[in-house]
1. Quick one: if the Förster radius is 22 Å, what FRET efficiency do Lys105 and Lys16 give, using the C-beta to C-beta distance and rounding to 0.05?
2. Just in the range 1-33: which GluC sites (Glu not before Pro) are loop by DSSP and have at most 12 other Cβ atoms within 10 Å?
3. Once a ≥ b ≥ c are taken as the square roots of the eigenvalues of the Cα gyration tensor of the range 23-82, is the result rounded (a/c under 1.5), prolate (a/b larger than b/c) or oblate (a/b not larger than b/c)?
4. Taking the number of other C-beta atoms within 10 Å as the exposure measure, put Glu108, Glu55, Glu97 in order starting with the fewest.
5. With only Lys, Arg, Asp and Glu charged, each at its Cβ (+1 for the first two, -1 for the last two), find how big the charge dipole of the chain is about the Cα centre; round to the nearest 20 debye.
6. Based on the alpha carbon coordinates of the chain, what radius of gyration and maximum Cα-Cα distance (Dmax) apply, in Å?
7. In which sequence would Leu11, Leu6 go, from the one with the fewest C-beta neighbours within 10 Å to the one with the most?
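We did not get these values from a lab; they are worked out from the coordinates using the rules stated. Everything quoted here is computed from the prediction, not taken from an experiment. Ideal geometry is used to build each Cβ from the backbone, glycine not excepted, and the neighbour counts take in all protein chains shown.
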Amino acid sequence: GKFLLLNGPNLNMLGKREVSIYGSTTLKDIEEQVQKVAIENDSSVDCFQSNHEGELIDRIHEANGLYNGIIFNPGAFTHYSYAIRDALASISVPTIEVHISNVHKREEFRHQSVISPVTEGQIVGLGIYGYELALLALMQKTRGEK
Ligand code: DQA
């Protein structure tokens with residue numbers, strides 16, 4: 001299948017940003033690893049990161065009909081972007097929400113996701129491995145689709 005790896009604000013800073021929480025792996029490393037797993041499974045992954053809500057929304061709209069699934073870490077938009085939630089609700093591509101850190105162990109404002117009601121599922125607190133797990137789950141779910 002064909003999948004989209006979408007990362008929201010500040011995730012371009014991975015490897016430099018709050019290393020004790022998010023680790024020292026860069027976004028480029030993560031993207032390459034997910035692409036490697038996709039290729040091993042006769043699949044492909046396009047990657048996109050943006051710090052801008054509207055750019056993420058445009059990319060979500062464009063994903064409709066183009067991808068079998070989306071792996072999405074919306075960053076802090078997770079907690080308050082009804083616009084991103086509505087964008088996901090407007091398409092029919094299954095999306096798995098990924099958080100590197102265990103948001104439930106952190107500040108109160110990170111405990112709620114306004115996105116998860118419109119996603120297939122959520123992977124939280126498993127570090128960068130969560131991205132790969134999301135891909136595996138989406139490939140399993142969409143097996144046999146064009
Ligand atoms: C995050 C958790 C969010 O609360 C935070 O704003 C991020 C990263 C994570 O991957 O753990 O930017 O989505």
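1. Working: r = 22 Å, r/R0 = 1.01.
About 0.50, to the nearest 0.05.
2. Values: sites: Glu18, Glu31, Glu32; in loops: Glu18.
Qualifying residues, ordered by number: Glu18.
3. Working: a/c = 2.47, a/b = 1.28, b/c = 1.94.
Here the range 23-82 falls in the oblate category.
4. Going from least to most buried by this count: Glu108, Glu55, Glu97.
5. Here the chain has a charge dipole of around 220 debye.
6. When restricted to Cα atoms, the chain yields Rg and Dmax of 14.1, 41 Å.
7. Taking fewest neighbouring Cβ atoms as first place, the list is Leu11, Leu6.
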